[in-house]
Amino acid sequence: MQQKSKIFFENLDGLRFIAFFMVFVFHIFMYFQVKDPSDTFDFIYKALSFRHKGGFYGVSFFFVLSGFLISYLLLSELHLRGKINVAYFYMRRILRIWPLYYFVLVLGFIGLPIFMETLGHAFKETGNPWAFIFFVANFDAIRVIPSEPLGVQWSIAVEEQFYLLWPLVFRIIPRRFLLYFMLAVVNISFIFRYMHYGDYDSLGFHSLAVMNDLAIGGIAAWFAINSARVRDFFRDLPKPYIVVGYITGLVFMYCDNGVFAPMSRLGLSLFFVFVILEQCYSEHSFYKMGRSKFLTYWGKYTYGLYLYHMIVIFIVFMLSPLLGIGNTYSDFIIKAVSSLIISMAVSYASYTWFESFFLKLKHRFSYIVKS
């Protein structure tokens, strides 16, 4: 039996949980209905939600992470075998993505309406089910925003489009031209955003608008594998420079006001690449995410957390009046904490008793495994 190569980036699971938490905070504040909110609470709200944009930043972070990891695996397979087994790649992604994705669709389109009807509330998913089934929900979201419970699935559609395209490109294009292809994708994405400046929905959901994140993650993976100079740069980067890099990126996130919308996504992607490469290679980090057992542990469950949390938030806030929970500050905190804890419990159960069955099958189609 052929020995499989192993790769492992011990700090990236923690980054995944942070990206999820940014999305969660953004979504929980969508239900913020406290009467007469104070200036202090409003300040906290804006700070935690990155001035109402934290959810989009979290999704962008997920895209860059995905672009980096998937491209790293494909490039590693190229170095190992000289070619990409596209069928095996598709099988790995299907086993990871499809079971939970389609299960959540059943919950959203069938289970939740039945549940709401038993409570005496009419509910119907506004998104097009066929768009969800065939992974083009992001284009449907440009026209009709889906209801909150399935509101995050548009990004899974983008990921699936990326998974469909990327291995074919890595199989067909000669290795020496891959970097130029990814740079071309970044430029096409920039041109698209420039041409659609002011069209908020297209900038937020269209594949060409957000593919920049995935391609830049791929470029980072290319340099991480092929450039010792880049790895050495991040390995030897002094701690003060690292701190300045993080501060600069966070200031950019807080001050991004949309005036430079075509450029802002590029700047964010580059910041997230800086975070990924610093966490993977720096020997002078002020903090490695792998040191946090909590972040690393729950980073493994972020796919479930991401897909389930909006359904959980929706149900918690719908049931709260029946449980005597109102709209005070303390009530909102109770609902927010409850939503997070329940999302974590549901995701843990889903991973343990449902997803893990399919994940075990992935290794049959892998040449490189996560150690």
So which residues in the stretch 80-102 are surrounded by 17 or more Cβ atoms within 10 Å (Cβ to Cβ) and more than 17 Å from Gln161 (Cβ to Cβ), if there are any at all?
-> Ile84, Leu95, Leu100
In the list Met318, Met310, which residue meets the criterion of being in contact with a Gly (Cβ under 7 Å, 6 or more places away or on another chain) and not hydroxyl-bearing (Ser, Thr, Tyr)?
-> Met310
Filtering the stretch 337-371 down to residues that are modelled with pLDDT under 95 and of a type in the set (D, E, K, R), which residue is farthest from the chain's Cα centre (by Cα)?
-> Arg364
Out of all the residues in the stretch 39-49, is one or more closer than 17 Å to Met310 by Cβ and at pLDDT below 65?
-> yes
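Yes/no matrix, rows are residues, columns are (1) more than 19 Å from Phe365 (Cα to Cα); (2) at pLDDT below 90; (3) of a type in the set (Ser, Thr, Tyr):
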| position | (1), (2), (3) |
| --- | --- |
| Arg81 | no, yes, no |
| Ile97 | no, no, no |
| Leu105 | yes, no, no |
| Met116 | yes, yes, no |
| Ala122 | yes, yes, no |
| Ile145 | yes, yes, no |
| Glu148 | yes, yes, no |
| Val169 | yes, no, no |
Considering only the stretch 148-173, state which residues are part of a loop (DSSP other than H, G, I, E, B) and without any contact (Cβ under 8 Å) to a residue 24 or more places away in the chain.
-> Ile173
Tyr101 of a type in the set (Phe, Trp, Tyr) and under 20 Å from Gly67 (Cα atoms) | yes
Please specify each residue of the stretch 278-321 satisfying the condition of being buried (at least 17 other Cβ atoms within 10 Å of the Cβ) and of a type in the set (Asp, Glu).
-> Glu278
Cβ-Cβ under 6 Å pairs, at least 6 apart or on other chains, the stretch 1-29 side in a strand (DSSP E or B), far side modelled with pLDDT of 85 or more | Ser5/Leu80
Lone qualifier among Tyr72, Tyr90 - being at pLDDT 95 or above and in contact with a Pro (Cβ under 9 Å, 6 or more places away or on another chain) | Tyr90
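The values are calculated or read from the model by the stated rules, or taken from the named source; none is laboratory data. A quick note: this is a predicted structure, and the numbers were derived from the prediction, not measured. Neighbour counts run over all protein chains shown; Cβ positions are idealised from the backbone, glycine included.
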